[in-house]
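This report refers to the structure that appears directly beneath it.
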């Protein structure tokens, strides 16, 4: 199955934007010396609901938002825990306004094991999506769709694997500088497994929206790419800086939605430096 070049680039860009933005809710500090055992090692048994908003800045100009929710679905027989994320980016590329829309939904059972997922990325008329569900034998049947061309794969997703979404949000608590974490992830659109390394570097103070916060700075490493995140004492990311020079920061719902308002022109997606754009750099590393 061939994925359109623009969509393939969008997937890689979104991966870079949110490498530290894998969904995390109240992770336990004891896992920060080993590989996290899947969602069970990251989601507190007492956490039943959460909603977060953030906006994306390109060249300090609002360009999009991310909205993540976690809730219990009482309509399912086993009260599945559902995680949903929506990402909306608005930017200028080649002199034209473009948008990237992404939607990801994940369902976990009582043991916090993955049982169902769906994710999609689209830009204009181009789009790719993946839907997967766990079969009785434990394997996952995944349907991939690229421009209307479908293929079906049967794969094993180990319990300690975290499903990648190009727009998920990191939320970690009680991290002490010097602690490290290994995460096993899967990108459902490419079915590529990837190991991500996280390290808590230092305690710092930053100012966001005129509010001074005490935070922990994290460094995330993936295939030669690194980015930084700042996490508050409640385990929520309040700021991220990507290899592309983009900034993601926590905000109110109103500020998030205003980031895609037609009242202001969208920023240019990339700037050229020495003849090489960050996109070329990111794609080159991601495809090695």
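I need the peptides 185-194, 208-217 ranked by packing, meaning the mean over residues of other C-beta atoms within 10 angstrom, with the highest value on top.
185-194, 208-217
For a Förster distance of 30 Å, can you work out the FRET efficiency between the beta-carbons of residue 99 and residue 60, rounded to the nearest 0.05? About 0.90, to the nearest 0.05.
Model label points for residue 182 and residue 258, set 7 angstrom from Cα along the Cα-to-Cβ axis, are 4.5 nm apart. The distance separating the Cα centre of the stretch 220-261 from that of the stretch 63-132 comes to 17 Å.
Subtracting the Cα-Cα distance of residue 133 and residue 268 from 0.36 nm times their residue separation leaves 44.8 nm of extension gain. Length gained on full extension, residue 150 to residue 195: 13.4 nm, using 0.36 nm per residue less the C-alpha separation.
Since every read-out is calculated from the coordinates, none of them should be taken as a lab result. Predicted model, so just to flag it, every value in this text is computed and none were measured. Note: ideal-geometry Cβ built from the backbone for every residue, glycine included; neighbour counts use all protein chains shown.
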